[in-house]
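Encoded as structure tokens, the structure appears first; notes follow it.
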Amino acid sequence: MSDILNVTGSNYTDAGNDALTGSASALNTGALRRKYNFGDKVSELSLAQDPFFRFVSMVSKKPTDDPSFKFTEKRESYTKRYAYVINHGNNTATTDQDAGGHDDTGIVINANDDGAGDTIYLEVAGDYLSNGNKRKAYGQTPTALAATGTKPEFFFPGQLLKVPVCDAQNSANGQSTTDYMVVKIEQVIGAAAETLDLKCEVVKGVDAGKFFMGEPSDALLQGSQEGLEPYRCYITGTAFSKGSGYPETWQDQPYLTATGQTQIFKTSCVMDNTDRATVLKYEGNEWARIWKQKLIEHKWDIESALLFGSQSSDHNTTQGAVDFISTYGNSFSLDVATKTQDDFLDDMSAMLDPRYNNAASTVFFCSTAVYNWMHKLSGYFRNNVESSANYRADFSLAGKKKVFGIDITTISTVYGDMNIARNVHLDGTNVKMMGINMKYCAYRPLVGNGINRDTGIYVGVQTLENSGVDRRVDQILTEAGMEWCCPETHALWK
């Protein structure tokens, strides 16, 4: 009798007979009558799998009706009307050329050319492509001075030009400006293929013995725009006499076109009808569980592709963020062991130059190590530097929030608030952080003729011979691409 009541033991683990054969059942039924106090639910780990894909699909979705689509980049010219003085003339009709053609060590200003009312000739060159007003981004190979397509076409008579000068010959490219001339352009003369000679009258002169800055070195050309500013001559308006008539003008070409490619993502689910009709413990419908898991797996794959993909029409692949920004955008270095707040703010200054980038819509996606580093920096400042409301640090943790289900940390800097999201897809890669202006990138699912390929379900039925069992193969299909515009507004830290 005691054995019959011992339901906690192993005597009845496999109790029961097969109704057809009469033999012991192979199904393990567990200890008879014992519940083990099983709950109705199972704990499930909720992961932030796809922060970048979630952002672009929520705020930057622009359907396309062609799998190979084109888009246009537009860059305004009003902030780029600058040039470099590479030679100047000594009251002659043409610019004096030194033996090397250009002077990259600084050019002494002749005593007859430095006073108001004097006539001076300046040879000027540009460093960006006028077709599309395309300048180089930080860390990218720069366009050489006077390279093909860089002629400064925007000069015409009547303009005033601010020309920086320094005290000594700028042989080491380390001299800073100490004054500036203002000249009025009287005539524009074609010089070499990509440079111009400007005949000018000095409006604001400088002291005798001053030097023009000369050409910036290759190292400066590869650096930030801020480092090149001391060398640039900017238009500072126009000046005409009364009744002088209609002036000359110029027309820029601010547009460049590029091509994008959609990519087909497929995730397969396989289930037979017997398993679909079987009710299980915890999650009774195994098909529903697998379907949910495959949706998450599908998004995980899209996130990875939108980050690390490389565009190819042969393989039908779209261009990912890392590939695009590392090729065309701003590229900085970041070693959390040696990078300081000052270094990082220099990077931010280069990226967020208001003449080229309005980053109000930028989201910074970073690896776990950098996510921790940012919080450590902001925590250190808040705890050790900020002494009162009147003496606060400008690099501090401002708060946290959720955007589209993604945890966003807001860190205040002198260049505005940084919205930072951790992205585990970047862990273990050479990419530490990406700053992506969401205004200039888009997720482009293929939609046309009433068919939406953003998320499509393809159902196939396979009948196994001699079994009479149907197996359903459901494929979650997404056909989407990325559009990238204005690469100077995006940045990547390695």
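Working carefully through the options Ala146, Ala192, find the one that is under 17 Å from Tyr84 (Cβ atoms), among the small types (Gly, Ala, Ser) and buried (at least 20 other Cβ atoms within 10 Å of the Cβ).
Ala146
Since Phe240 meets every condition but one in (1) in a strand (DSSP E or B); (2) among the aromatic types (Phe, Trp, Tyr); (3) more than 35 Å from the chain's Cα centre (by Cα), which condition does it not meet?
The failed condition is (1).
Step by step: first the residues of the range 419-460, then only those that are within 21 Å of Pro487 (Cα to Cα) and in contact with a Leu (Cβ under 7 Å, 6 or more places away or on another chain), then the one that is surrounded by the fewest Cβ atoms within 10 Å (Cβ to Cβ). Which residue is that?
Checked the range 419-460; the qualifying residue surrounded by the fewest Cβ atoms within 10 Å (Cβ to Cβ) is Lys432.
Filter the range 219-239 for residues that are at pLDDT 90 or above and among the aliphatic types (A, V, I, L, M) and give the result.
The answer is Ile235, Ala239.
Name every residue in the range 444-494 that is closer than 30 Å to Ser361 by Cα, of a type in the set (Lys, Arg) and at pLDDT below 90, in order of residue number.
The one that is closer than 30 Å to Ser361 by Cα, of a type in the set (Lys, Arg) and at pLDDT below 90: Arg453.
Which of the numbered conditions does Gln222 fail, given that it passes all the others? Conditions: (1) more than 30 Å from Ser326 (Cβ to Cβ); (2) in contact with a Gly (Cβ under 9 Å, 6 or more places away or on another chain); (3) surrounded by fewer than 16 Cβ atoms within 10 Å (Cβ to Cβ).
Only one criterion is unmet by Gln222, namely (1).
Any residue in the range 251-259 that is within 27 Å of the chain's Cα centre (by Cα), modelled with pLDDT under 90 and surrounded by fewer than 15 Cβ atoms within 10 Å (Cβ to Cβ)?
Yes, because at least one residue in the range 251-259 is within 27 Å of the chain's Cα centre (by Cα), modelled with pLDDT under 90 and surrounded by fewer than 15 Cβ atoms within 10 Å (Cβ to Cβ).
Restricting the search to the range 332-376, which residues are within 15 Å of Val414 (Cβ to Cβ) and small (Gly, Ala, Ser)?
Ser349, Ala350, Ala359
Name the residue that is nearest to Asn452 (Cα to Cα), counting only residues in the range 243-272 that are among the aromatic types (Phe, Trp, Tyr) and part of a strand (DSSP E or B).
Phe265
For the range 234-275, give me the residue count where each residue is over 30 Å from Glu201 (Cα atoms) and without any contact (Cβ under 8 Å) to a residue 60 or more places away in the chain.
1
Is it the case that Thr105 is at pLDDT 55 or above, part of a loop (DSSP other than H, G, I, E, B), under 44 Å from the mean Cα position of the chain (by Cα) and farther than 28 Å from Gln253 by Cα?
Answer is yes for this residue.
For the range 166-193, name all the residues that are among the β-branched types (Val, Ile, Thr) and under 36 Å from the mean Cα position of the chain (by Cα).
Listed by number, the list holds a single entry, Thr177.
How many residues are in contact with a Gly (Cβ under 6 Å, 6 or more places away or on another chain), farther than 17 Å from Leu198 by Cα and of a type in the set (S, T, N, Q) if we restrict to the range 132-175?
Selection size over the range 132-175: 2.
The values are calculated or read from the model by the stated rules, or taken from the named source; none is laboratory data. Please read these numbers as outputs of a predicted model, since none were measured by experiment. A quick note on method: Cβ atoms are made from the backbone with ideal geometry, for glycine too, and the neighbour counts reach across all protein chains shown.
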